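The block underneath contains the structure these notes are about, expressed in structure tokens.
Read the figures in this text as sums done on the coordinates, not as results from a lab. All values reported here derive from a predicted model rather than from experimental measurement. Here the Cβ positions follow ideal geometry from the backbone for every residue, glycine too, while neighbour counts run over all protein chains shown.
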Amino acid sequence: MTQQLPLKYAPEVQTAKDNGTAIVALESTIITHGMPYPQNVETARQVEQDIRDAGATPATIAVMDGTLHIGLTDAELDTLAQADDVAKLSRADMAACIALGGTGATTVAATMIAAHLAGISVFATGGIGGVHKGAETSFDISADLQELSQTPVTVVAAGAKAILDLDKTYEVLETLGVPVIAYGQDTLPAFWSSASSLAAPLRMDRAEDIAAAHKMRALMGLPGGQMVANPIPSDAEIPASTLAPIIDKALKEAEDQGIAAKSVTPFLLGRIFELTEGASLTANIALVRNNARLAAKIAQSLVA
Ligand code: PSU
């Protein structure tokens, strides 16, 4: 008997697929490891609604009890948001989790893989993973970067997270041949802040142009996706100068406590939340919603 991939579409995603209408994938690690409860589930629901309001269908992706879900019900979202033993899945461990009947949240890399399997070309998140500070000794580089170079999904993020070494992150993306497109400005955004000192390799001002570039890569047979760096709205940003000492403090604590590998990003996000008294979370929510709205426009252009 041939084995089938246990993949389940939520009803609204199945309908959108049948009708050929726009779908935007969403990840679940931001829910389980990126934000505290209950703001995590409230944000997940709000972001899904933002996508619907913008005329597309949201598909939040996660592995639950060995099934790859493309779209979650409200009850499933809630279960995931409250669970504290959920794996953080990337390319390396996603298949094992499904095969063994496990439950796991998908990172950017794993969500791209799942979206592609489901025929979804656009995905919105907060910030991609990248080259961690001190990577020259730790070798800690997120699998998200490699994934962008091999899986044809356009990822809308507010840049790489500012806890990372941004210069090295964008150097690696360039080496891997990943198009990095700043939306509507000449510099790359820095997650909680709208601008950085880094010039954007590409700039586009219209969702249609981002969709056209996505289609052109497919026509040329180029593997990999696109990274769209969408600046956080200016009324929601935290100045980089305010955050810099806080990020440094959190990084020092991570080092002192021997936090490593998959735990680094969740630890840093958690500490920055505490040290900014919640301001980092408010900004994070605003930027994800902004990314979801742009992703919905790109997805609509792709099916037009
Ligand atoms: N965006 C957010 N918060 C997050 C993430 C993205 O606003 O927590 C998650 C994504 O799932 C991304 C992961 O893939 O952080 C990066 O983890 P790492 O640095 O361990 O690769």
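Listing for the model above:
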{"quantity": "Partner lysines for K161 [C-alpha distance under 29 Å; skip if fewer than 8 residues away on the same chain]", "calculated": "K88, K133, K215, K249, K252, K262, K297"}
{"quantity": "The chain, helix-only ellipticity at 222 nm - DSSP H runs n ≥ 4, -39,500 (n - 2.57), divided by all residues, nearest 500", "calculated": "-14000 deg cm²/dmol"}
{"quantity": "Those residues of the range 166-210 whose amide nitrogen sits under 14 Å from the label point placed on A304, 7 Å along Cα→Cβ", "calculated": "205-210"}
{"quantity": "For L302, net neighbour charge (Lys/Arg +1, Asp/Glu -1) across residues whose Cβ lies under 14 Å away", "calculated": "+3"}
{"quantity": "Per-pair calculated FRET efficiency, R0 = 30 Å: E136 and L202 via Cβ, rounded to 0.05", "calculated": "0.65"}
{"quantity": "The range 162-304: antiparallel DSSP beta bridges as a percent of all, rounded to 5", "calculated": "25"}
{"quantity": "Footprinting exposure proxy for D85, D140 (fewest neighbouring C-beta atoms within 10 Å first)", "calculated": "D85, D140"}
{"quantity": "Paramagnetic reach from L100 (point 7 Å along Cα→Cβ, amide N under 16 Å) across the range 1-36", "calculated": "none"}
{"quantity": "The range 113-200: chymotrypsin sites (Phe, Trp or Tyr not before Pro) falling in loop per DSSP and having at most 13 other Cβ within 10 Å", "calculated": "F139"}
{"quantity": "Cα shape, the range 24-149, gyration tensor, a/c 1.5 rule", "calculated": "rounded"}
{"quantity": "Share antiparallel - DSSP beta bridges, the chain, percent rounded to 5", "calculated": "30"}
{"quantity": "Order by protection proxy (mean Cβ within 10 Å, highest first), peptides 62-69, 154-161", "calculated": "154-161, 62-69"}
{"quantity": "Cα Rg over Rh - the range 162-304, Kirkwood", "calculated": "1.01"}
{"quantity": "Antiparallel bridges, percent of DSSP beta bridges restricted to the range 1-107 (to nearest 5)", "calculated": "40"}
{"quantity": "Prolate/oblate/rounded call for the chain, Cα gyration tensor, a/c under 1.5 rounded", "calculated": "rounded"}
